[in-house]
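First up is the structure itself, then whatever we jot down about it.
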Amino acid sequence: MKGKNILINFPTNIGDTILALPVLDRLKAEYPQAKITAISSLRTHEFLSKNNFIDEVIIFDKHWPIKKKMFFSLSLRGKYDIVVDLKNSLLPIIVGVRLRTPIIRLSSRNINLKDKYIALIKNLTSEKRKELVRSDFSISPEKKYRWDNLKLPPSIFISCVSRSSIKNYPYEYLKIVVQELKAKYHLVFLGEEKDREFYRDILSLDNVTDLVGKTDIIDVFYLVKNYAKLILGVDSSIIHIGSYLNIPVVALFGPTDYRITAPTSAGSLIIRRKDVRCAPCKKSKCDFNYECMKIPHQEVIETIRKF
């Protein structure tokens with residue numbers, strides 16, 4: 001059966017949603033004529049709304065009261081042929097469809113999240129299908145002109161700051177890396193406006209393009225797709241975008257579990273401190289002076305040079 005209406009319940013966070021995009025691609029390849037509806041969070045709504053494979057986006061707020069959540073779920077009954085739930089909720093049962101992701105899920109805790117999501121649709125897609133399409137995101141002509149007008153050469157994109165400061169690559173290490181790389185490569189820095197305080201004078205160095213605080217997630221997708229030759233970053237949404245677009249990524253991992261969110265694009269590598277016993281701790285606070293993120297700068301430089 002080639003379902004005409006597919007409902008995908010995406011993860012709440014933007015990073016996990018990017019890791020789930022291969023699920024969307026496989027469903028589109030299997031059911032090219034289907035109408036695809038995405039359930040988004042408030043955080044991911046704009047991002048999913050710009051995706052060219054998604055026909056409709058509806059918002060679910062996890063902070064709603066139970067009664068409103070049930071009303072929302074029941075309102076979806078009878079509208080879909082296939083329900084893909086990437087949150088492990090009871091939504092597929094409530095919606096009442098036969099073709100759905102499994103309710104009982106037994107898998108290793110250490111499996112890459114992208115692979116975990118793909119495994120959920122194993123019964124809905126063909127194992128023989130090898131050629132996959134990849135989704136894209138619409139960008140306004142004005143923004144496209146703005147970014148293209150920068151005339152960026154193929155560049156190394158750098159994002160070494162995370163919303164969780166425990167994952168940041170230390171400034172003094174990063175500056176040495178940048179000083180070495182900028183002599184040979186053009187560097188583009190991405191991040192939020194608040195990250196300027198972390199990068200400081202790095203952003204004003206020669207052969208560096210400063211886009212910190214100047215982009216949204218759709219801009220980042222467009223820039224990485226068209227101008228990145230490699231991405232250097234910590235565990236964040238930007239390395240996941242690079243991985244999804246099959247761009248090489250050098251990912252710096254410390255407190256988060258590299259086995260779960262490591263990039264999977266061709267040639268990508270992770271660097272971590274194997275001599276720090278407490279990593280990955282998966283904690284939001286550090287009692288050991290962020291030792292796991294003090295990755296030797298020379299190791300980072302040499303790894304990038306290998307590419």
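Details
- The value of relative contact order for the chain, using C-alpha pairs under 8 Å at least six residues apart, is 16 percent.
- For the chain, the square roots a ≥ b ≥ c of the C-alpha gyration tensor eigenvalues yield an a/c of 1.5 or more together with a/b exceeding b/c, which makes the shape prolate.
- Note on the chain: GNM, Cα springs under 10 Å; of ARG259, ARG43, ARG277, the largest mean-square fluctuation is that of ARG277.
- Among beta bridges identified by DSSP and lying wholly in the chain, the antiparallel ones come to about 5 percent.
- Gaussian network model of the chain, springs between alpha carbon atoms under 10 Å - residue of VAL276, VAL234, VAL161 with greatest fluctuation: VAL276
- Violating pairs (Cα-Cα greater than 24 angstrom) within the set LYS87/LYS229; LYS50/LYS144; LYS114/LYS184: LYS87/LYS229; LYS114/LYS184
- Sequence-separation-based contact order of the stretch 5-120, relative, with Cα cut under 8 Å and 6+ spacing, percent: 29 percent
- Within the chain, the longest run free of exposed loop sites, counting GluC sites (Glu not before Pro) that sit outside DSSP helix and strand states (H, G, I, E, B) and have at most 11 other Cβ atoms within 10 Å, spans 132-307.
- Per-residue [θ]222 nm for the chain (sum of -39500 (n - 2.57) over DSSP H runs n ≥ 4, rounded to 500): -8500 deg cm²/dmol
- DSSP-loop trypsin sites (Lys or Arg not before Pro) across the stretch 144-202, with at most 13 other Cβ within 10 angstrom: LYS151, ARG163, LYS184
- Shape of the stretch 30-93, Cα gyration tensor, a/c cut at 1.5: oblate
Readers should treat all values here as calculations from the given coordinates under stated rules, not as data from a laboratory. Everything numeric here is computed off the predicted structure, so don't read it as measured data. Heads up, the Cβs are rebuilt from the backbone with ideal geometry, glycines too, and the neighbour counts pull from every protein chain shown.
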